[in-house]
Every structure is written in C-alpha cells, then in structure tokens.
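*Asks:* One structure is given below, represented as structure tokens, and several questions about it will come after.
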Amino acid sequence: MFNHLNYDMASKYLPLRLLASIMLLAGCASEPPLPPSDSQAQLPSYRDQALYNQPYTVKGKTYFPLLSRHGYREVGLASWYGAESGDRTANGNRFKPNGLTAAHKTLPIPSKVRVTNLANGRHIDVTVNDRGPFVADRLIDLSHGAAKRIGVNGLAQVSVEILDASPGSR
C-alpha cells in the first residue's frame, strides 16, 4: 500500500512537475551573443565638425546634430522669436529679428530650409543659424520677420524641408 500511495501521488503531480521543468529550462534558453563584426555601424564622428555642429546639452538634455542634411523633411510645431535682438546666434552672427533665419535643434548649421505653414500654404526659405527651440514639442523657431511672412502669430503646424542638399552633400 505504501508503494501504491507514492505512485498515486507521483502520477497526480507529474504534469505539474513536467510543466515546472519545461518552464525552468525555457528560462535558461537564450540566443548566443553575436560576435563583433566589421560591418556593424560605426558611431558618428563629430571630430571635423564646427563647435556649433557638435553634440551639446541644454537643460540636462543632450542633442546630437545631424551629420548630413540630405533628404531632411519633418512636420511639427513652429514658434517665433524676436526679443533676442543683437544676441549672437550659434554660428556667431548677430540675431536680426526681421531677418529670414531660424533655430533648429539638430540640423547642421548653416542649412537652408523651406518652412511651409500648413494652415495657409504660405512658405518661406530661411537659413538655420541658431539652436533651439528648447521647448517640448517644438520643431523650429523662426525669426519674427520670417514668421510674419507665412502667417505664424504664435504656434503653427509647419513642414520643414531641406533646400541645399544634393546627393553626397553634408
């Protein structure tokens, strides 16, 4: 009877033990690591870039400027700035509120872009010569003069498209 009881207990818990064993073994299974390869992507090098095109940190967040402007096109919120009249832009120029310039967090400086106000279809070509805007969800800051020409009074949904890039250009 003792042997029969052990057999009954063992057969009763066999499926549970089997399931536990499978789960334990499955947890140990993993993909073997891939060996290093020469074909793996290299980290971008900012070594030959001007200081204003190198990574920078504002308000605890680090930004990595694009090494190529080729094919850049993005849609997002535009704002404008103008109170900084006379201050230096990222590339060292004096900021002119009525000029046709803009600030962008990651486009290479200088870059020529077309900004189109999606609400009215008006567009303006500006030179990105500064960094910003450092406000959440904003894509580009336009000089007051550029913003006025395309009807941006506060915030506006815009598309930003690179103009001065040809294949192979930086």
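*Asks:* Could you work out how far the C-alpha centroid of region 94-165 sits from that of region 61-76, in angstrom?
*Replies:* Using only Cα atoms, the two centres lie 14 Å from each other.
*Asks:* Let me ask something else about it. Mind pulling the per residue volume of the convex hull built on the Cα atoms of region 64-120? Å³ is fine.
*Replies:* Considering the Cα atoms of region 64-120, their hull volume per residue is 110 Å³.
*Asks:* Describe numerically, in nm with one decimal, the distance between label points set 7 Å from Cα along Cα→Cβ at residue 50 and at residue 157.
*Replies:* Here the answer is 3.4 nm between the modelled labels.
*Asks:* Hey, can you rank 61-72, 131-142 by average C-beta count inside 10 Å, highest first?
*Replies:* In decreasing order of mean packing, 61-72, 131-142 become 131-142, 61-72.
*Asks:* What ranking, highest mean first, results for peptides 52-59, 148-155, 104-111 when packing means the other Cβ atoms within 10 Å averaged over each residue?
*Replies:* Packing order, densest peptide first, comes out as 104-111, 148-155, 52-59.
*Asks:* Quick one: accessible area per residue over region 62-170, 1.4 Å probe, rounded to a whole number of Å²?
*Replies:* 49 Å²
*Asks:* Moving on. Show me the ranking of peptides 87-94, 75-82 by mean Cβ neighbours inside 10 Å, starting with the highest.
*Replies:* Listed from highest to lowest mean packing, they are 75-82, 87-94.
The values are calculated or read from the model by the stated rules, or taken from the named source; none is laboratory data. These figures come from a predicted structure and were not determined experimentally. Here the Cβ is made from the backbone with ideal geometry for all residues, glycine too, and neighbour counts use every protein chain on show. Accessible surface is based on the protein model in full, side chains and every heavy atom, while ligands, DNA and RNA are left aside. Shrake-Rupley method; radii C 1.70, N 1.55, O 1.52, S 1.80 Å.
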